[in-house]
Amino acid sequence: MSEYLIEVNNLGKRFPIKGGLLGREVGAVNAVNNVSFKIKKGETLGLVGESGCGKTTLGRSILRLIEPTSGEIIFNGKNILEYNAAEMRAVRRKMQIIFQDPYASLNPRMTIGDILAEPMEIHGLHMDKTARRKRLFELLNQVQLPSDALNKYPHEFSGGQRQRICIARALAVEPEFIVCDEPVSALDVSVQAQVVNLLMDLQKELGLTYLFIAHDLKVVEYISNRVAVMYLGNMIEVAESSELYGHAKHPYTKALFSAIPHASTKGRAGRIILEGDIPSPMNPPTGCHFNPRCWNATEECRKIFPPVTNASPTHQYRCYNPIQ
């Protein structure tokens with residue numbers, strides 16, 4: 001058995017752009033470009049990058065909520081892109097997602113009990129009424145909500161409590177892998193730490209594996225074993241969390257991490273301000289996509305997309321002129 005639960009190989013997702021009276025394809029957005037990475041069982045891989053870089057598309061493509069255009073997704077040793085609808089339905093029980101907005105992802109007309117029971121009904125779990133009710137109370141206890149929540153509706157809960165309900169819904173089918181798609185970005189700062197700590201406790205208790213997508217770099221550093229950085233659909237650097245935050249090689253990673261707020265003004269001295277706008281994914285620059293904004297760019301960077309370079313066995317990056 002492999003130590004990796006998820007292996008993504010050269011995954012791509014291309015969205016065609018159509019126009020004109022006949023709806024012909026006039027362009028395309030390559031939201032994810034030949035991305036490859038692995039996630040060990042019980043590990044958290046953090047995924048960071050600016051808005052529009054392809055993080056959410058990548059996460060949903062792994063679950064086949066969005067159908068990838070190319071590549072492989074190996075889950076428990078099987079390429080799930082080869083699965084038909086019936087086979088994929090069985091796999092989906094083991095692969096769940098927690099969405100960003102806890103307000104929009106819960107049906108306001110359903111009670112919490114019905115929301116949590118629905119995935120169990122779909123997958124044929126705990127069909128006995130007594131067993132199902134026992135399981136519902138277990139789920140509420142796991143996410144630290146009172147048992148009387150079952151008969152209430154989503155509007156009766158705060159944002160943090162709603163996100164706990166979303167976590168309980170993901171846990172209802174006993175998954176192995178969960179995509180956490182910015183699960184705390186819509187919450188108050190005071191509540192974010194509680195939800196992040198809950199996710200970490202559940203991971204230890206249940207042996208879960210996470211892909212944790214977020215903008216908040218401090219949260220990602222806190223929860224992640226390894227961190228991957230995306231820019232314009234490409235994964236440009238991945239390493240152990242402590243190594244990446246302390247010894248980033250790619251200039252974009254360095255600029256991104258320099259924006260992390262510090263308690264003292266001394267920490268602001270190394271702030272890197274990037275010039276120019278993010279290029280359009282419809283027409284990305286040749287070579288390294290970051291080269292128009294990079295202070296380290298060379299002629300080679302502008303011509304050829306950089307290959308993967310190993311800084312160490314656990315640290316890879318794509319850059320011809322890395323930070324030393």
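Worth pointing out:
- Pairwise label distance in nanometres, residue 275 with residue 141, each label 7 Å out on the Cα-Cβ vector: 6.2
- Extension gain (nm, one decimal) between residue 111 and residue 194, 0.36 nm per residue minus Cα-Cα: 27.5 nm
- Its alpha carbons considered, region 192-277 gives a radius of gyration followed by a Dmax of 14.5, 46 Å.
- Comparing mean-square fluctuations of 190, 258, 51 from a GNM of the chain with C-alpha springs under 10 Å, the top value falls on 190.
- Cα shape, region 63-110, gyration tensor, a/c 1.5 rule: prolate
- Residues listed by number, region 21-48, amide nitrogen under 16 Å from residue 225 label point at 7 Å toward C-beta: 37-47
- Beyond 26 Å, the tail of the calculated P(r) for the chain holds 51 percent of the Cα pairs.
- Of 110, 230, the sequence from fewest to most neighbouring Cβ atoms within 10 angstrom is 110, 230.
- Coordinate range of the alpha-carbon atoms in region 144-242 per principal axis, descending: 47, 27, 23 Å.
- Shape call, region 133-180: gyration tensor on alpha carbons, a/c limit 1.5: oblate
- Subtracting the Cα-Cα distance of residue 295 and residue 309 from 0.36 nm times their residue separation leaves 3.1 nm of extension gain.
- Each Lys and Arg adds +1 at its Cβ and each Asp and Glu adds -1 at its Cβ; summed about the Cα centre, the chain shows a dipole of about 200 debye.
- Across region 221-238, the residues whose backbone nitrogen lies under 19 Å from the label position 7 Å along the beta-carbon direction of residue 34 are 229-238.
- With eigenvalues of the C-alpha gyration tensor scaled by 5 and rooted, region 173-228, Å: 18, 13, 10
- Extent of region 75-218 along its three principal axes (Cα atoms, max minus min coordinate, largest first): 42, 41, 28 Å.
- For region 40-136, convex hull volume per residue from C-alpha positions, Å³: 154
- Pairwise FRET efficiency - residue 174 versus residue 240, Cβ, R0 = 35 Å, nearest 0.05: 0.75
- Length gained on full extension, residue 286 to residue 104: 61.7 nm, using 0.36 nm per residue less the C-alpha separation.
- Remark: relative contact order (the chain) = 19 percent; criterion is Cα-Cα distance under 8 angstrom and separation of 6 or more residues.
Bear in mind these aren't lab numbers, they're just calculated from the coordinates by the rules spelled out. These numbers come from a predicted model, not from an experiment. Methodologically, a virtual Cβ is constructed for each residue, glycine included, from the backbone with ideal geometry; neighbour enumeration extends over all protein chains shown.
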